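Chemist: Just dropping this structure here.
The values are calculated or read from the model by the stated rules, or taken from the named source; none is laboratory data. In this text the structure is predicted, and so the values were computed from the model without any measurement. Counting neighbours? That spans all protein chains shown, and the Cβs are built from the backbone with ideal geometry, glycine included. For the accessible areas, the whole protein counts, side chains as well, though only heavy atoms, and no ligand, DNA or RNA atoms are used. Shrake-Rupley method; radii C 1.70, N 1.55, O 1.52, S 1.80 Å.
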Amino acid sequence: MVAPPDNDVLRASALHFQHHDGSPALQGVSLGVREGEVLAVTGPRGSGKTSLLRCLAGLDRPQRGEVWFDGVAVHTLGALARARLRRHRFGWIDPVPVLVPELTIWENAALPLMLRGTGRRRARRAALEWLERLDVDGRARSRPHELRHSERQRVCIARALTVVPSVLFADEPTAPLHRAESAQVLRTLTAAARSHGVTVVLACAGPRRAGLADRTVTLLDGRRVRTLHLPPVAGPAGPAEGAEPAGSAGTEGRPACSLSA
């Protein structure tokens, strides 16, 4: 095994991953993420975005391929070592907000810091700072059930940023939010990450939400899309003026893609 280049803090090489039912989720995906970069992974539902993020974060182990983080071969680590890595170096945001119902909002946001051994007062101060950035500091003493769904998601984002992770994995973090809220939260997330040197791997369904990223990678059926060309579709009266004739009736109107091996 050879470690990835120094400018890649995170690298995947020829990842293959199958779901429990045997259906393929990733089929040879390779990519590198530079330190401090905001990388968007786009693609339709079922394209493999979540599986890729979970393999990169050490939540799942690929059946084949390699995952490297900061010179560490993540794919060779046992479950406990991967859990320690996630606790101390990674942050994770799910599309559905999950909070501890018995804790207040600020305690939920501070929980990862306190699990690392940070004192309660210092952890509370850090949590309140991020809650304020995400406009939910006014609910700091509330319980999760008292908040709207979108507010709970903001708390989950604050919780992930409170520890200032080396890499933040965000799996469609604005899925529960309205369009205006979504844009504002993504701006806050990416600006905060850049100001603190946090590398972000962001899964999102479409290019609109990927607009704030430094770079975009697209998946389709578990493979990276290298190029995408949509040939013109002939109307009832024939091809549009100036259009090239279709090569054959069997390919007319179909997207032509080049996918990674």
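Chemist: Taking all pairs of distinct Cα atoms, average 1/r, flip it, and tell me the Kirkwood hydrodynamic radius of region 138-200 in Å to one decimal place. Walk me through the intermediate numbers first.
Modeler: Details: mean 1/r = 0.0809 Å⁻¹.
Value: 12.4 Å, from the Cα pair sum.
Chemist: Could I ask something else about it? Cut-off 16 Å, label point 7 angstrom out along Cα-to-Cβ of residue 142: give me the residues of region 89-125 whose amide nitrogen falls inside.
Modeler: 97-109
Chemist: Tell me, what is the 1.4 Å probe accessible area of residue 137, in Å² to the nearest 10?
Modeler: Ignoring ligands and nucleic acids, residue 137 comes out at about 70 Å².
Chemist: Please compute one quarter of the surface area of the Cα convex hull for region 5-130 and express it in square nanometres.
Modeler: On the way: hull surface 38.0 nm².
One quarter of the hull surface, i.e. the mean projection, equals 9.5 nm².
Chemist: Next question, about the same structure. Ranked from highest to lowest mean number of other Cβ atoms within 10 Å per residue, what is the order of the peptides 72-80, 151-159? Display every interim value, and only then the final one.
Modeler: Values: 72-80: 13.9, 151-159: 25.4.
The peptides rank, most packed first, as 151-159, 72-80.
Chemist: Let me ask you something else. Residue 125 versus residue 216, label points 7 Å from Cα toward the beta carbon: distance in nm?
Modeler: Each label point lies 7 Å from its Cα, and together they span 4.1 nm.
Chemist: Also, I was wondering about something else. How big, on average over all directions, is the shadow cast by the Cα convex hull of region 14-87, in nm²?
Modeler: Working: hull surface 21.4 nm².
So the mean shadow area of the Cα hull is 5.3 nm².
Chemist: Sticking with this one: Between residue 226 and residue 187, how many nm apart are label points set 7 Å from Cα along the C-beta direction?
Modeler: The modelled label-to-label distance comes out at 3.8 nm.
Chemist: Can you tell me the dipole magnitude for region 40-186 around its Cα centre, using point charges on the Cβ only (Lys, Arg +1; Asp, Glu -1), in Debye to the nearest 20?
Modeler: That gives region 40-186 a dipole magnitude of about 420 debye.
Chemist: Counting Lys and Arg as +1 and Asp and Glu as -1, each charge on the Cβ, what is the dipole of region 74-154 about the Cα centre in debye, to the nearest 20?
Modeler: Details: 18 positive and 9 negative charges, 88 e Å.
About 420 debye.
Chemist: Still on this structure, I have one more. Which of the GluC sites (Glu not before Pro) found in region 78-131 are loop residues per DSSP with 12 or fewer other Cβ atoms within 10 Å of their Cβ?
Modeler: Values: sites: 102, 107, 129; in loops: 102.
Taking region 78-131 and a limit of 12 other Cβ atoms within 10 Å, the loop GluC sites (Glu not before Pro) found are 102.
Chemist: How much of the pair distance distribution for region 95-176 lies past 22 Å, counting alpha-carbon pairs only, in percent?
Modeler: Numbers: 502 of 3321 pairs.
Taking all Cα-Cα pairs of region 95-176, the fraction more than 22 Å apart is 15 percent.
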